[in-house]
Amino acid sequence: MSLHISAIMRSAGIILLCNMLGLVHSITVTMPARSVNVTEGGTVLLACMFTTTSPTTSLVVQWTFNEKQGTGQPQQVVYYQGGTTVFGHEFQGRVKLLSNPALTKNATISIDNMQQDDTGMFTCEVDNIPDIEGRNEMTVVVNVLVKPSVPYCSIHGEVETGHRVTLSCHSKEGNPPPTYTWTNMEAGAPKEIKGTQDIKKGTLVIQNISEVQFGEYQCVASNGVGAGTCMIDLSEEINDGIIAGAVIGALLICGAIGLLIWAVTHHLKKTHKMKVTKSVKESEMQPMKASSATHQGKEDGDEDPAV
């Protein structure tokens, strides 16, 4: 064991001596944190430091971003070389390189106005020729926390005594995914709920609902970043109102159809009556024309003998 330890110490000493003599060219990138949380709209600080055994005249620093799933092509965040800094299009105006890496050996950046789409992996890569050995890159995972959006409440099932009713609640946004809590706000104060809640799905199932369980219900969606609420009124009056509205609507439709049928029938009868009247008048005028023609002929005949 002592021989093994001595060998390790001897090797470490040789490496140190070579570094001092400039015979080994290596670079080492370090990060104080491998995971960072930031709230939506906030600023995140991504620290990246490095050590090198060579002059930094040929230093190249590059930050890239890839979504958390690791699919797709990495996006350029920052590119530094020879004193010139270029920022990626998606992060333009939001990202800053906090110092000159060639002078400080610090490639830390900050990004403002973080959005949910910025959740993913940020990689810091440092290249400094002739340093070809060592660890030249590290990755930090950034998780953008988003408070739940205002949830949507809905009722499923017939709101009648003895029936099964399900209340559902869901927020479209929220990171981490929110949990949901239903409360019966009878007289404005929380009341015990006799039902089965699923805090992840946001559902409340009430079997054989009774009048005691009617009232106003509140759903709270929360995830530690923030919370959102929605309210819904669970009562038979709502169901009766829906039925009454449907009946009234049906009666109005039937009345409109009846009125339309009456109007069409009345129009057809009126048209038929006008046709019959016209036909009668034409038939009465026909003999009168014939009689008038005969009478005229007789008068003409009476005149011939006199001539």
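Apply the Karplus curve 6.51 cos²θ - 1.76 cosθ + 1.60, θ = phi - 60°, to the phi angles in the range 151-159 and return the couplings in whole Hz, x for Gly and Pro.
With coefficients 6.51, -1.76 and 1.60, one gets x, 10, 9, 8, 10, 10, x, 7, 7 Hz.
Give me the one-decimal nm value for the distance between modelled label points at THR30 and GLN218, 7 Å along each residue's Cα-to-Cβ direction.
Rounded to a tenth, the inter-label distance reads 5.1 nm.
Taking the Cβ-Cβ separation of ASP198 and MET121 as r and a Förster radius of 30 Å, what is the calculated FRET efficiency to the nearest 0.05?
On the way: r = 32 Å, r/R0 = 1.08.
So the FRET efficiency works out to roughly 0.40.
Tell me the label-point distance for the pair GLN92, SER154, using the 7 Å Cα-to-Cβ offset, in nm and rounded to one decimal.
4.1
Once the Cβ-Cβ distance between ASN113 and LEU252 is put in as r, and R0 is 41 Å, what FRET efficiency do you end up with, to the nearest 0.05? It would help to have the intermediate numbers written out before the result.
Working: r = 53 Å, r/R0 = 1.30.
It comes to 0.15.
Any idea how far apart ASN66 and VAL141 come out in nm if each label point goes 7 Å out from Cα toward Cβ?
Result for the modelled spin labels: 1.4 nm.
Taken together, the values in this text are just the output of simple stated rules run on the coordinates, not laboratory data. All figures in this text were calculated on a predicted structure; none of them were measured in a lab. We place every Cβ from the backbone using ideal geometry, glycine too, and count neighbours over all the protein chains shown.
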